[in-house]
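Reviewing the structure listed below.
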Amino acid sequence: MNNSVGNTARLLWAGLRALLVLTLVCGVLYPLAVTGVAQVAFSDKANGSEVADGTGTVVGSSLIGQGYGDDPRWFQPRPAAGLGQNTINAQYALLISGASNKAADNPDLVKAVREAQRKIVADNTVPGFTPEIARIPADAVTSSGSGLDPHISPAYAALQVPRIAERNHLPVTRVEKLVAAHTEGRTLGFMGEPRVNVLELNVALKSLTG
């Protein structure tokens, strides 16, 4: 009986020591090491790819799309049911992430796209410029698969330039240069499509307009 109790005690003590060592190594030392390497080598990415405005205030992440409440002063992102309303200086309210999974000929999707096209025309019509429905890019009227895409196509950004220039009292050429400066090329030169990060573009626009 005593041997049995002693053996059990030794096994329990060995298990407790293993638990303490593994907790220290896997739960403390390893996370600290990984965090340290990430902060040194990939500080921006490790901290969530934060985007700050001209005052240094963090206004969001370059990886997550934001809404701007249809405010005509700002470039608008892709339509996305997963995005909450936001302004250039407020934290975003993330609701859900996901696509509608509706087929291209789904009546509800077709209706939504047509309504979005009409809204694009109405919102971006300014003296001397009216968008043509046939030239409205797909990303202006459809959500991304995640509903969180932070980018729009250069074509959609260009479509918004006249409105942005008119509402912010800026020359069209100045806004065009701003868009060009924030247009990213294909990854490694061949993957994906050229794109514009809406949050970064609006931060730059805010700095431009004061």
Within segment 54-77, count every residue that is under 13 Å from residue 201 (Cα atoms) and either of a type in the set (Ser, Thr, Tyr) or surrounded by fewer than 17 Cβ atoms within 10 Å (Cβ to Cβ) (or both). 5
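Going through 116, 138, 158 one at a time, which residue ends up being at pLDDT 95 or above and not β-branched (Val, Ile, Thr)?
Details: 116 fails: at pLDDT 95 or above; 138 fails: at pLDDT 95 or above.
Selected residue: 158, the only one of 116, 138, 158 that is at pLDDT 95 or above and not β-branched (Val, Ile, Thr).
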If you go through segment 51-59 one residue at a time, do you hit one that is hydrophobic (A, V, I, L, M, F, W, C) and at pLDDT 90 or above? no
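Among the residues of segment 131-165, which ones are of a type in the set (Asp, Glu) and surrounded by fewer than 19 Cβ atoms within 10 Å (Cβ to Cβ)?
From segment 131-165, those of a type in the set (Asp, Glu) are 132, 139, 149; that's our starting set.
Once the filter is applied, which keeps residues that are of a type in the set (Asp, Glu) and surrounded by fewer than 19 Cβ atoms within 10 Å (Cβ to Cβ), segment 131-165 yields only 132.
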Evaluate segment 126-140: report whether one residue or more is of a type in the set (S, T, N, Q) and touching a residue at least 24 places away in the same chain (Cβ under 8 Å). no
With respect to residue 187, is the statement that it is modelled with pLDDT under 95, of a type in the set (S, T, N, Q) and more than 13 Å from residue 77 (Cβ to Cβ) true? yes
Starting from residues that are of a type in the set (Val, Ile, Thr) and closer than 25 Å to residue 163 by Cβ, keep the ones in segment 106-122 and report whichever is surrounded by the fewest Cβ atoms within 10 Å (Cβ to Cβ). 121
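The values are calculated or read from the model by the stated rules, or taken from the named source; none is laboratory data. Because the structure is a prediction, the values reported are computed rather than measured. All Cβ positions, even for glycine, are placed from backbone atoms using ideal geometry, and neighbour counts span all protein chains on display.
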